[in-house]
Amino acid sequence: MTNLRDQVGPYFGEFGGRFVPESLIAALDQLETTYQAAKADPSFQAELNELHRTYTGRPSIITEAKRFAAHAGDVRIFLKREDLNHTGSHKINNVLGQALLTKRMGKTRIIAETGAGQHGVASATAAALFGLECVVYMGEVDTERQALNVARMRLLGAQVIPVKTGSRTLKDAINEALRDWVANVDNTHYLLGTVAGPHPFPTMVRDFHSVIGTEARAQMLQEYGFLPDALAACVGGGSNAIGLFHAFLDDEQVQMYGFEAAGDGMDTPRHAATLNYGRPGVLHGARSYMLQDEDGQTLESHSISAGLDYPGVGPEHSWLKDLGRAQYRGISDAEAMNALRLLSRTEGIIPAIETAHALAGALKLGKELEPGSSILVNLSGRGDKDMETAAKYFGILDGASDGK
Amino acid sequence: MVLRMASKTSAALSSRKQSGNGSLIGYFPAGYPTLDESIAAAIAMCKSGIDVLELGVPYSDPVMDGLVIQAATMQALENGFKLKQTFEAVSAITAAVDTPVLVMTYWNPVLSYGVDKFARELAQAGGAGLITPDLIPDEAQSWLEASDKYDLDRVFLAAPTSSPERIQRACNLSRGFVYAVSTMGITGARNEVDQLAKTVVANIREASTEALAAVGIGISTAEQVADVNRYADGAIVGSAFVRAYQDGGLEALIAKVSELASSLK
């Protein structure tokens, strides 16, 4: 099992591909060609690196969470601080890369889907920076639970379109973005925010996020002198997880754990645990695990976290699952919210609810691993956007009872 | 090379062409608003002048469809449409009329059902084949095999942005006709049929002297149907029929079909 890192699309084993209308194929071909040329062009990587240094704030640091780890058995926990990136999450890594490609393709308009709003905010930010028109599709349900991010996007000059079709969440936002793209592909780039979708998105978005794991691997070796025994990341579409995992894929001693949203619980039908409870199918342009009924109709997912509330997952994760290289587990809303509060109170770091799934996973994992083991958690985003949900959940607004 | 029967779909389009008329291909979703009503509507369309029926399979994520068809197929799903009823509908329609019935379906329901099993049951029900809006020939190996095995038509799409190589491939691999996408966009009525449609059809003619080309997306008036048939082998109408049914039920649907079909006489 060597050189898993070298795997690129269109296929990851039996997963991936391009299951899209013919009208989009030319745009996907153009994107692939542009991306390959950029990858081979040292000036592209130099420009992206410079943006990351002077705008994103890379490299992001690693923080050891000692007081938090005290609740996780006898292990050390390290946090890769993607929450400290400009715009507050890992999403900016991919967005800046694709924004540069948009310019190279001579396109003037970007569209994006967003769940929690992190990718939408990052896209709106890049659009402002590069002078591009930006339209963000967001499920109507999500515009309500992530109202702060809607305001951020609008302040940045983006148009936010609430999507009222289907389940009115991330899945339907992607459908609407695809419809827009088919109609406007000549001047528009679809800045897809996760490692799902048709080729070349899963490979390209992964490459742009692989900076997370590349940095973290070097930082662990340099600052602590060892590699972590386990990696933990939350998985919706799977972009932050693959970004962390990729550099470690061929370090066989490093175990990898992706934590999906279990919503009301893994023993209930209200979850978003695609890799645990789904089966392979085609959704949004790629073959991968997905939540579907016996007729192949996509099932609605459920999670307190808008960013993980997605019935599909990136094809590379499906491949890693079937290979047994990574394990995927479910974390309930309640477990995630408890971890969110615990990290806030033990480390002074308020994570995004998405990220809290990885933290809850690390708490459980710590009790299973050998004493003295280490876990590297991708702290993929900060929790500012989730204050309203958290305040309601814990009843901590004035006038409400204190604590839950 | 296995000898196969000529496609019933292409035979229907060709004979209309030879007699100096064009063809009208009409879309209606199975299960909308209920299974029985959709069967009745489809049969009525065939009796009122459409040459090929395009029976839609309701699907949860129809990325090529505009609001009219989205609303109808969503309602069919809410009313309990099950995939297996597609075959019931095809059986009932083909028992009542001779019109070739092509099923228009997004790929995941077929994949989920089993490609071979879906093809076998479609053939048994008397269906002519499939139109697959989100399956490109590059990803279609299992469908190419199953459609050969059960003698089914397979309609791939050709878009204004398709390269000559891709058009060639769509022509070589399609059976029945090639679906010429008139415009860069999703289904739904438009005031004018895009001039791009002519280009796509010309590209298809360039690639193949045998492939038939039917133009779809945005066609809703008798004038547009007649105009498209001056250069193509058929006009495909969907949203306008569904809209007519939404607004005025079976009667309005029949009136709309008759109106568009009369432009070809």
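Observations
- Across the alpha-carbon set of the stretch B:138-265, the Rg to Rh ratio works out to 1.01, Rh being the Kirkwood radius.
- Using only side-chain charges placed at the Cβ, +1 for Lys and Arg and -1 for Asp and Glu, the dipole size of the protein assembly as shown relative to its Cα centre rounds to 600 debye.
- Mean sequence separation of contacting Cα pairs (under 8 Å, at least six apart), scaled by the length of chain A, corresponds to a relative contact order of 21 percent.
- Ascending count of other beta-carbon atoms within 10 Å, so fewest first, for A:MET220, B:MET64: A:MET220, B:MET64
- Computed over the alpha-carbon atoms, the stretch B:184-254 gives an Rg to Rh ratio of 1.04, Rh here being the Kirkwood radius from the mean inverse distance.
- Values of log10 I(q)/I(0), in the order q = 0.14, 0.16, 0.22 Å⁻¹, for the stretch A:280-404 under a Debye, Cα-only, solvent-free model: -0.75, -0.92, -1.29
- The stretch B:8-259 - charge dipole about Cα centre, Lys and Arg +1 at Cβ, Asp and Glu -1, debye rounded to 20: 320 debye
- Most to least packed among A:38-45, B:31-38, A:19-26, A:370-377 [average Cβ atoms within 10 Å]: A:19-26, B:31-38, A:370-377, A:38-45
- Cβ-to-Cβ counts within 10 Å put B:GLU78, A:GLU388, A:GLU113 in ascending order as B:GLU78, A:GLU388, A:GLU113, the fewest first.
- Proximal lysines to B:LYS256, defined as alpha-carbon separation beneath 30 angstrom and excluding residues fewer than eight positions away on the same chain: A:LYS164, B:LYS8, B:LYS17, B:LYS47, B:LYS82, B:LYS84, B:LYS198, B:LYS265
- The lysines within cross-link reach of A:LYS367, meaning a Cα-to-Cα straight distance under 24 Å and a gap of 8 or more places when in the same chain, are A:LYS66, A:LYS80, A:LYS321.
- Where only alpha carbons of the stretch B:8-259 are counted, the Rg and the Dmax (Å): 16.3, 45
- Expressed as a fraction of 2.2 N^0.38 Å, the value expected for a compact globular protein of N residues, the C-alpha radius of gyration of the protein assembly as shown is 1.00.
A short reminder: the numbers here are calculations on the coordinates, not readings from a lab. Note that the structure is a prediction, hence the values are computed from the model and not measured. Here the Cβ is made from the backbone with ideal geometry for all residues, glycine too, and neighbour counts use every protein chain on show.
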